[in-house]
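Heads up: the structure comes next, in structure tokens.
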Ligand SMILES: [Zn+2]
């Protein structure tokens, strides 16, 4: 899926450039059934938009747009702590909902994986300020939120090596023999031979006392 970086210019109320060290991911939905990720991004820089409100990443049925670097503050949580401590993700309500939620689950699991976090780092906007957001998950006492966390957990499990394979996997990554991605995915013939080739080079380097 397409991950676009379209950082907005520095501005008060949207992107002041204050550095943060996020500990959570806060999930929102846009509360606009017509607005795409690109529409949301364009709205941030629309001259008539005077609200103190912004977000880091928006995701829709076809793409992901990062509008503010993840180590800078954005104003999305309606709460000082939420803004200071979390990455804000807007899930679009436009287009194909199933595709959008799949993209969102992959996006969130990818951030969790890269940060070394688990799904206990996920927050709703609701958790910070009590706002009914992400409203798309608020049915049957937030059943949609429970389901979404499960979907993220499933995507995350595909990214982590199984317990039994963890020692060789971590060794392979540390030695530069494998890239550390997609542990549960199939390997192509060219990937297999590349792994063998890297291992051969490593052995030859050891033999030649280069290491
Ligand atoms: Zn929200």
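How big is the shadow of the Cα convex hull of the chain, averaged over all directions, in nm²?
The orientation-averaged projected area of the Cα hull of the chain comes to 14.7 nm².
With runs of 4+ DSSP H residues as the only contributors, calculate the mean residue ellipticity of the chain at 222 nm using -39,500 (n - 2.57) per run, divided by the residue total and rounded to the nearest 500. Let's see the in-between values first.
Details: 7 runs with 83 residues, N = 211.
Value at 222 nm, helices only: -12000 deg cm²/dmol.
In percent, what relative contact order does the chain have, based on Cα pairs under 8 Å that are 6 or more apart in sequence?
Numbers: 337 pairs, mean separation 42.9, N = 211.
After rounding, I find 20 percent.
Roughly what angle does helix 97-115 make with the longest principal axis of the chain, taking Cα atoms, 0 to 90 degrees, to the nearest 10?
Taking the Cα atoms of the chain, the angle to 97-115 is about 60 degrees.
Please work out how much length the chain gains when fully extended from residue 131 to residue 45, using 0.36 nm per residue of separation minus the C-alpha to C-alpha distance, in nm with one decimal.
Stretched out fully, the residue 131 to residue 45 stretch lengthens by 28.5 nm.
What percent does the relative contact order of the stretch 63-164 come to when contacts are Cα pairs within less than 8 Å and at least six residues apart?
Once normalised by length, the contact order is 26 percent.
Give the order of 159, 1, 122 when sorted by the count of other beta carbons within 10 angstrom, beginning with the fewest. All intermediate terms of the calculation are to be shown ahead of the outcome.
Numbers: 159 18, 1 13, 122 22.
So the residues, fewest neighbours to most, are 1, 159, 122.
Tell me the angle of helix 189-207 to the major Cα principal axis of the chain, expressed in degrees between 0 and 90 and rounded to the nearest ten.
So the helix axis and the longest Cα principal axis differ by about 60 degrees.
Have a look at the stretch 1-103 and give its Rg and Dmax from the Cα atoms, expressed in angstrom.
12.8, 35
Quick one: Kirkwood hydrodynamic radius for the stretch 136-185, alpha-carbon pairs, angstrom, one decimal? Let's see the in-between values first.
Numbers: mean 1/r = 0.0785 Å⁻¹.
The answer is 12.7 Å.
Can you put 45, 59 in order of Cβ neighbours within 10 angstrom, beginning with the fewest? Present the calculation step by step, with values, prior to reporting the outcome.
Working: 45 14, 59 26.
Least crowded to most crowded, the residues run 45, 59.
Which log10 I(q)/I(0) values does the stretch 118-211 give at q = 0.15, 0.22, 0.25 Å⁻¹ under the Debye formula, counting every alpha carbon as one identical point scatterer?
Values returned for q = 0.15, 0.22, 0.25 Å⁻¹ are -0.74, -1.09, -1.25.
Calculated FRET efficiency, residue 32 and residue 84, Cβ-Cβ r, R0 22 Å, to nearest 0.05?
Working: r = 26 Å, r/R0 = 1.18.
So the FRET efficiency works out to roughly 0.25.
On a 0 to 90 degree scale, rounded to 10, what angle separates helix 143-159 from the longest Cα axis of the chain?
Tilt relative to the chain: about 20 degrees.
Over all directions, what mean area does the Cα convex hull of the stretch 163-207 project, stated in square nanometres?
On the way: hull surface 13.5 nm².
So the mean shadow area of the Cα hull is 3.4 nm².
What does DSSP give for the chain in terms of the percent of beta bridges that are antiparallel, rounded to the nearest 5? Numbers along the way, then the final one.
Working: 5 of 21 bridges.
Taking every DSSP beta bridge within the chain, about 25 percent pair in antiparallel fashion.
Can you give the Kirkwood hydrodynamic radius for the stretch 73-181, in Å, rounded to one decimal and based on Cα pairs?
Values: mean 1/r = 0.0639 Å⁻¹.
Answer for the stretch 73-181: a Kirkwood hydrodynamic radius of 15.6 Å.
Bear in mind these aren't lab numbers, they're just calculated from the coordinates by the rules spelled out. Quantities reported herein were computed from a predicted structural model and do not represent experimental measurements. Note that each Cβ is placed from the backbone with ideal geometry, even for glycine, and that neighbours are counted across all protein chains shown.
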